[in-house]
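**Q** If you scroll down you'll find the structure; I have some questions about it.
The values are calculated or read from the model by the stated rules, or taken from the named source; none is laboratory data. No experiment lies behind these values; they were computed from the predicted model shown. Cβ: placed from backbone, ideal geometry, glycine included. Neighbour counts: every protein chain shown. Only protein heavy atoms, including side chains, enter the accessible area calculation; ligands, DNA and RNA are left aside. Shrake-Rupley method; radii C 1.70, N 1.55, O 1.52, S 1.80 Å.
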Amino acid sequence: MKADVCMILEGSYPYVVGGVSTWIHDLVTSLSDVSFHLVHIGVGIESPRKMRYTLPPNVLQFQQIPLMESIPWRGPRFRQKRRSWEAVARFLEDLSRDDTSGFRDLLHALDPRSPEAITPYDVFHGKPFWNLLVQWYRQHFPDFSFLDYFWTLRFMALPLFRVLYAEVPPARLYHATCTGYAGLLGAVASIRTGAPLVLTEHGIYTNERMIEITQAQWIYRERTSSLVPTRQVGALQNLWMRKFEVLSRLSYAQATRIFTLYEGNRQMQIQGGAPPDRCEIIPNGIDLERYDAMHLARQEKLRGPPRVCMVGRVAPIKDVKTFIRAARMVHEEMPEVRFEVLGGTDEDESYLEECQRLVKVLSLKPVFDFPGAVDMKEHYPSISVLVLTSISEAQPFVLLEAMRVGIPVVATSVGACAELVLGSGSDDEALGPAGFITNVRSPRETADAILALLRDPEMARRMGETGRERVGRYYIRRKMLEEYRGVYRGLCGG
């Protein structure tokens with residue numbers, strides 16, 4: 001059955017709780033008059049028992065595409081497909097000159113409906129593709145170990161071809177929730193079906209992958225001038241970065257409309273190759289009434305020791321360790337303060353253990369806790385200061401929620417955090433700050449901001465009220481939903 005919208009997800013909903021998943025679930029659930037197919041791209045097949053959300057009735061089909069599992073193939077092996085291989089070679093050659101215009105010809109060469117289609121078996125076991133790999137090695141990587149080069153390229157190629165050969169359900173519109181593999185699949189589906197593609201980026205996918213790649217210890221090269229191999233990041237690392245840059249450009253080129261959350265992201269999309277006239281902003285929004293009720297309960301629940309909380313999953317990108325170190329500095333001057341990390345603890349067990357050890361080493365165990373994922377309705381009213389020490393964010397829901405409750409916030413200068421806390425534009429900025437913005441990985445700045453708020457209750461109250469006003473003016477859930485409904489109606493034909 002053809003749905004109105006096929007939403008393509010990568011590593012998020014319905015298996016991971018977080019800002020993007022919250023937005024997806026809200027959008028799909030609230031637009032009950034729109035039918036959806038959902039396609040989830042992940043590393044492997046996820047168990048339905050691990051779903052963290054219940055799919056609403058307007059989801060007609062749910063499909064998984066496991067990137068690292070073998071690719072089903074059909075068609076004769078090793079059949080002569082000269083024109084198809086020429087299209088592949090031409091695309092790779094053009095790509096070295098930043099030209100992706102041959103992408104449609106590449107898709108035709110891989111289209112199973114074509115009698116000369118290249119099969120997955122041809123790619124991973126055939127001589128023509130081997131010859132292309134050897135040619136690229138000689139042209140671009142002559143000083144590397146061929147084994148390192150070969151297995152790196154093979155590891156990179158498998159998920160790409162898994163997406164290129166994937167079958168997607170029919171829809172009037174395809175909506176990818178990021179670039180990367182989801183954006184690639186959206187572009188492929190749009191080209192093959194003629195249906196329009198919409199792209200929404202919360203965080204800029206290429207930037208997030210760059211952070212991961214620069215920290216990856218397994219991407220290295222060997223110096224052939226030495227008798228002893230030396231681990232060193234370099235061309236292979238750049239090759240991974242280049243891969244994700246190309247995926248973004250392919251997504252941008254095919255998308256009819258491209259959305260993000262704030263102007264800073266929009267400018268990065270344009271710098272990454274997105275056509276400026278297709279780039280638009282639809283900010284996140286929250287249900288004001290829900291958080292207004294928490295605000296009313298706040299005065300009654302603020303009694304007792306001050307409570308400083310970080311809200312977010314325990315993961316390296318949230319930089320929980322900076323929050324812990326800042327807590328130690330605050331504890332030295334205000335030992336009565338209590339600290340908590342309110343968020344899931346099952347994403348990275350080794351990082352959780354590192355954080356717990358740091359709490360112990362800094363002698364914070366009596367005042368520091370990791371309650372895990374909790375119902376924030378029960379916690380927001382009693383939080384004195386909310387802290388976000390992330391090294392990467394888009395437009396975090398947690399700041400919008402806390403600000404509407406009236407909680408002063410301390411956040412790092414990433415994503416839209418500065419716009420949320422300090423305002424964007426003259427009218428917004430005139431409201432004043434809703435808290436403090438700090439540099440990334442700055443425990444001292446974070447601690448000083450927390451102490452300033454705890455020592456000056458009147459300033460904290462004033463900043464909390466500023467946050468309430470800002471969210472009430474500019475970040476309304478109802479408006480966000482209606483904008484996407486309008487996008488869907490316009491592109492689906494009513």
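**Q** Read through the list (1) within 22 Å of the chain's Cα centre (by Cα); (2) over 18 Å from residue 334 (Cβ atoms); (3) buried (at least 21 other Cβ atoms within 10 Å of the Cβ), then give the number of the only condition that residue 439 fails.
**A** Tallying (1) within 22 Å of the chain's Cα centre (by Cα); (2) over 18 Å from residue 334 (Cβ atoms); (3) buried (at least 21 other Cβ atoms within 10 Å of the Cβ), residue 439 fails exactly one: (3).
**Q** Just to be sure I understand, how many residues within segment 186-206 are part of a loop (DSSP other than H, G, I, E, B) and either within 22 Å of residue 107 (Cβ to Cβ) or among the polar types (S, T, N, Q) (or both)?
**A** 3
**Q** Considering only segment 12-33, state which residues are open to solvent by less than 50 Å² (accessible area, probe 1.4 Å) and part of a loop (DSSP other than H, G, I, E, B).
**A** Hits for segment 12-33 are 12, 13, 14, 15, 18, 31.
**Q** Which one of the conditions (1) modelled with pLDDT under 95; (2) out of contact with any strand residue (DSSP E or B) (no Cβ under 8 Å at 6 or more places or on another chain) does residue 45 fail to meet, given that it meets all the rest?
**A** (2)
**Q** Being more than 24 Å from residue 302 (Cα to Cα) and either within 18 Å of the chain's Cα centre (by Cα) or not in a helix (DSSP H, G or I) (or both) is the filter here; which residues of segment 316-348 pass it?
**A** Passing the criteria: 316, 317, 318, 319, 344, 345, 346, 347, 348.
**Q** Mind checking which helices (runs of 4 or more DSSP H) fall wholly inside segment 79-139 and carry at least 1 residues that are surrounded by 17 or more Cβ atoms within 10 Å (Cβ to Cβ) and in contact with a Gly (Cβ under 7 Å, 6 or more places away or on another chain)?
**A** 82-95
**Q** Here is a follow-up. With the requirement that a residue be aliphatic (A, V, I, L, M) and either crowded, with 16+ Cβ neighbours inside 10 Å or not in a helix (DSSP H, G or I) (or both), what does segment 352-380 give you?
**A** Those that are aliphatic (A, V, I, L, M) and either crowded, with 16+ Cβ neighbours inside 10 Å or not in a helix (DSSP H, G or I) (or both): 352, 358, 359, 362, 364, 367, 373, 374, 376.
**Q** Provide a single number: the residues in segment 136-147 that are touching a helix residue (DSSP H, G or I) at 6+ places or on another chain (Cβ under 8 Å) and modelled with pLDDT of 85 or more. Give the derivation first.
**A** Looking only at segment 136-147, we keep the residues that are touching a helix residue (DSSP H, G or I) at 6+ places or on another chain (Cβ under 8 Å), and these are 136-137, 140-141, 144, 146.
Now restrict to residues that are modelled with pLDDT of 85 or more: 136-137, 146.
Summing the residues that are touching a helix residue (DSSP H, G or I) at 6+ places or on another chain (Cβ under 8 Å) and modelled with pLDDT of 85 or more in segment 136-147 gives 3.
**Q** May I pose another question? Out of all the residues in segment 441-483, which are small (Gly, Ala, Ser), more than 19 Å from residue 284 (Cα to Cα), assigned to a helix (DSSP H, G or I) and touching a residue at least 24 places away in the same chain (Cβ under 8 Å)?
**A** 447, 449, 460, 464
**Q** Then there is this: Report, by residue number, each residue of segment 447-470 that is among the polar types (S, T, N, Q) and more than 20 Å from residue 400 (Cβ to Cβ).
**A** Those that are among the polar types (S, T, N, Q) and more than 20 Å from residue 400 (Cβ to Cβ): none in segment 447-470.
**Q** Here is a list of conditions, (1) at pLDDT below 95; (2) within 24 Å of residue 474 (Cα to Cα), and residue 391 meets all of them except one; can you say which number that is?
**A** (2)
**Q** State which residue is nearest to the chain's Cα centre (by Cα) when the search covers only segment 239-282 and only residues that are surrounded by 22 or more Cβ atoms within 10 Å (Cβ to Cβ) and of a type in the set (Val, Ile, Thr).
**A** Selected residue: 260.
**Q** Using beta carbons and a limit of 6 Å, which pairs, at least six apart or on different chains, have the first residue in segment 125-154 and farther than 22 Å from residue 68 by Cα and the second one in a helix (DSSP H, G or I) and open to solvent by less than 30 Å² (accessible area, probe 1.4 Å)?
**A** Pairs found: 137/149; 141/149.
**Q** If you don't mind, another one. Give the residues of segment 286-312 that are buried (at least 22 other Cβ atoms within 10 Å of the Cβ) and assigned to a loop (DSSP other than H, G, I, E, B), sorted by residue number.
**A** Matches in segment 286-312: 312 only.
**Q** Select from segment 405-428 the residues that are more than 24 Å from residue 209 (Cβ to Cβ), modelled with pLDDT of 95 or more and open to solvent by 30 Å² or more (accessible area, probe 1.4 Å) and list them in ascending order.
**A** Once the filter is applied, which keeps residues that are more than 24 Å from residue 209 (Cβ to Cβ), modelled with pLDDT of 95 or more and open to solvent by 30 Å² or more (accessible area, probe 1.4 Å), segment 405-428 yields only 422.
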